[in-house]
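The structure under discussion appears below in the form of structure tokens.
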């Protein structure tokens, strides 16, 4: 049973995460109002915080504060579970994009 508070939608969008001088480019596999899962070639330590630039088609680029809550080694690199930090109300483009993707997925 999934205990997440927010609905996750499958996506394929580019993102770049920066934490303590480390920069990682990756592809977001799923996204919600509370966080996302990023497939990347590099990793950031679990518990680290940083900034994420998310390229949202039709909405432009959104910068979010994130915390790494999970690191998963994968055959094609690393998977990072990222939780958004702080209020998302000011990130209206993110909410708009998630609602649109949720409608498309239905």
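Running a GNM on the chain with Cα contacts under 10 Å, which residue among 83, 14, 74 ends up with the highest mean-square fluctuation?
Answer for the Gaussian network model of the chain: 74.
How far is helix 92-105 tilted, in degrees, relative to the longest principal axis of the Cα atoms in the chain, given as a value from 0 to 90 rounded to the nearest 10?
The helix 92-105 is inclined about 70 degrees to the chain.
Suppose the chain between residue 34 and residue 46 were pulled fully straight at 0.36 nm per residue; how much longer would it get relative to their current alpha carbon spacing? Don't jump to the answer; show the numbers that get you there.
Values: separation 12, 0.36 × 12 = 4.32 nm, distance 1.69 nm.
Stretched fully, the residue 34-residue 46 segment lengthens by 2.6 nm.
Counting pairs of alpha carbon atoms under 8 Å apart in space and at least six apart in sequence, what relative contact order in percent does the chain give? Don't jump to the answer; show the numbers that get you there.
Details: 228 pairs, mean separation 25.8, N = 106.
For the chain, the relative contact order is 24 percent.
Under a no-solvent Debye model with one identical scatterer per Cα of the chain, what's log10 I(q)/I(0) at q = 0.22 Å⁻¹?
Log10 I(q)/I(0), no solvent term: -1.25.
Give, in nm to one decimal, the length gained when the segment between residue 92 and residue 72 is fully stretched (0.36 nm per residue of separation minus the Cα-Cα distance).
4.2 nm
Under a GNM of the chain (C-alpha, springs under 10 Å), which listed residue has the highest mean-square fluctuation: 15, 40, 95?
95
Throughout, read-outs are computed from the coordinates displayed, never taken from laboratory work. All values derive from a computational prediction rather than experimental measurement.
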